[in-house]
Amino acid sequence: MEYAVYVLKSLSYPKHYVGYTSNLISRFKSHNALGKKGYTIRYRPWVVIHVEFYNSKNEAMSREKFLKSGKGRKWMKNNIHDY
């Protein structure tokens, strides 16, 4: 199974969201329309600005954790065009 680590950007607020999933399309729909609770419903609509794919869940979880860290946010600022 393949896992995606993704970065979302809110079109309405200066907010970003980092997550991982095994089904990117379904997860994106959840963030934008289907979800009824959680952080992302307050800042809709979202657009995907970065995606990375990994072969294992552990790799994806590790990368997500890094991107949520201070060094990871700095990396995103320097490497993701629309961050």
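Taken together, the values in this text are just the output of simple stated rules run on the coordinates, not laboratory data. Just so we're clear, the structure is a prediction, and the values are computed from it rather than from any experiment. Heads up, the Cβs are rebuilt from the backbone with ideal geometry, glycines too, and the neighbour counts pull from every protein chain shown.
Some observations on this one:
- Mean separation of Cα contacts under 8 Å (6+ apart) over length of the chain, as relative contact order %: 37
- Close Lys-Lys pairs in the chain, where close means Cα under 19 Å and separation is 8 or more or interchain: 22
- Sorted ascending by nearby beta carbons within 10 Å, beginning with the fewest, HIS31, HIS50, HIS81 become HIS81, HIS50, HIS31.
- With the simple model of a label 7 Å out from the Cα in the direction of the Cβ, SER12 to PHE66 spans 3.3 nm.
- Here the chain is treated as a Stokes sphere of Kirkwood radius computed over C-alpha pairs; at 25 °C and 0.890 mPa s its diffusion coefficient rounds to 189 µm²/s.
- Per-residue ellipticity at 222 nm, computed for the chain from helices alone with -39500 (n - 2.57) per DSSP H run of at least four residues, works out to -9000 deg cm²/dmol.
- Residue by residue, the range 46-58 carries 3J(HN,Hα) couplings of 10, 10, 7, 10, 7, 9, 10, 10, 9, 7, 10, 5, 4 Hz when phi is fed to the Karplus relation 6.51 cos²θ - 1.76 cosθ + 1.60 (θ = phi - 60°); x denotes Gly or Pro.
- Net length gained if the chain between LYS37 and ASN23 were fully extended (0.36 nm per residue, minus Cα distance): 3.1 nm
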